[in-house]
1. Look through region 173-211, keep the residues that are closer than 16 Å to Tyr105 by Cβ and among the β-branched types (Val, Ile, Thr), and return whichever of them is farthest from the chain's Cα centre (by Cα).
2. Is it the case that Arg109 is part of a helix (DSSP H, G or I), surrounded by fewer than 24 Cβ atoms within 10 Å (Cβ to Cβ), under 19 Å from the mean Cα position of the chain (by Cα) and of a type in the set (D, E, K, R)?
3. Failed condition for Phe138, given (1) more than 18 Å from the chain's Cα centre (by Cα); (2) assigned to a loop (DSSP other than H, G, I, E, B), with all others met?
4. Could you please find all residues in region 178-204 being open to solvent by less than 30 Å² (accessible area, probe 1.4 Å) and acidic (Asp, Glu)?
5. Determine if region 61-68 includes at least one residue that is assigned to a helix (DSSP H, G or I), touching a residue at least 60 places away in the same chain (Cβ under 8 Å) and buried (at least 22 other Cβ atoms within 10 Å of the Cβ).
6. For region 1-44, give me the residue count where each residue is among the basic types (Lys, Arg) and either surrounded by fewer than 16 Cβ atoms within 10 Å (Cβ to Cβ) or without any contact (Cβ under 8 Å) to a residue 40 or more places away in the chain (or both).
7. Please identify the pairs in which a residue from region 160-186 that is in contact (Cβ under 8 Å) with a residue 12 or more places away in the chain has its Cβ atom under 8 Å from the Cβ atom of a residue that is in a helix (DSSP H, G or I) and of a type in the set (Asp, Glu), counting only partners at least 6 apart or on another chain.
8. Determine if region 112-124 includes at least one residue that is out of contact with any strand residue (DSSP E or B) (no Cβ under 8 Å at 6 or more places or on another chain), over 21 Å from Asp152 (Cβ atoms), open to solvent by 20 Å² or more (accessible area, probe 1.4 Å) and in contact (Cβ under 8 Å) with a residue 40 or more places away in the chain.
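The values are calculated or read from the model by the stated rules, or taken from the named source; none is laboratory data. This is a predicted model, so every value here is computed, not measured. Glycine gets a Cβ as well: all are built from the backbone with ideal geometry, and neighbour counts include every protein chain shown. For accessibility, only protein heavy atoms count, side chains too; no ligands or nucleic acids. Shrake-Rupley method; radii C 1.70, N 1.55, O 1.52, S 1.80 Å.
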Amino acid sequence: MDADSFRESVETAKRTQLDRLGSSKLLLALTEADLSEPAVLRAAAYSEHAARGTFAAWAADEADDEARAAFEATATREAEHLDRVLDALGEDIDLPDEPGVMHAYLRGREDAIERAAAGMVGRGLVSIRTHTQVIGFFVNEADEPRADLFRDLKAETEETLSAGLDLLDDRCATDADWERARMVAEYVVQLAYDDYADGLAELGVDPKPLC
């Protein structure tokens with residue numbers, strides 16, 4: 001396996017979950033049905049804050065020099081994302097102390113392969129779809145500056161995902177390495193989906209698409 005086939009295999013295995021995460025219902029779940037601009041920006045800020053904490057923690061204890069540099073760069077990027085979202089929000093908010101289900105799992109990963117696969121690839125696939133929905137929201141609100149902000153964040157998230165794939169290409173020497181990477185990446189997507197589905201269920205909304 002190589003990086004391209006790895007990404008394809010994860011997206012294929014989790015196509016249903018990723019498709020539903022990429023639906024307009026995602027923002028309902030993230031905002032608890034408060035589809036106002038401040039609520040959407042607050043949800044985005046919470047996500048960037050959690051990611052910054054995860055990658056900063058990994059950078060602090062990663063033994064692999066190249067992986068540590070990648071995690072440090074990603075932590076810096078996520079901190080910049082958070083600042084940009086907070087600037088767009090224009091108000092002070094309390095950021096959560098707890099990381100949430102997905103990031104709690106991510107912070108338990110202890111080696112470079114699992115961290116790259118779960119945090120940079122698995123989470124990246126989810127984040128790209130989140131950014132797509134936020135872009136669409138601000139386009140519908142005729143707020144092009146904020147739509148452009150999230151277009152930039154989405155492009156930079158794609159770069160982080162690619163960096164994670166490059167790390168895996170360099171570190172997965174056996175089929176067993178690739179399999180371990182695949183399992184944690186897919187599990188992160190599943191965790192994100194389950195959290196999304198639970199959020200919708202609390203609102204009385206079915207996560208399945210209407211036919």
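1. Filtering region 173-211 for residues that are closer than 16 Å to Tyr105 by Cβ and among the β-branched types (Val, Ile, Thr), the one farthest from the chain's Cα centre (by Cα) comes out as Val184.
2. Judged against the criteria, Arg109 is not a match.
3. Condition not satisfied by Phe138: (2).
4. First, the residues of region 178-204 that are open to solvent by less than 30 Å² (accessible area, probe 1.4 Å): 178, 181, 184-186, 188-189, 191-193, 196-197, 199-200.
Across region 178-204, the qualifying residue is only Glu186.
5. Scanning region 61-68, I find at least one residue that is assigned to a helix (DSSP H, G or I), touching a residue at least 60 places away in the same chain (Cβ under 8 Å) and buried (at least 22 other Cβ atoms within 10 Å of the Cβ), so the answer is yes.
6. 1
7. Pairs found: Leu165/Asp4; Leu167/Glu66; Asp170/Glu66; Arg171/Asp177; Arg180/Glu114; Ala181/Glu114; Val184/Glu114.
8. The answer is yes; a qualifying residue exists.
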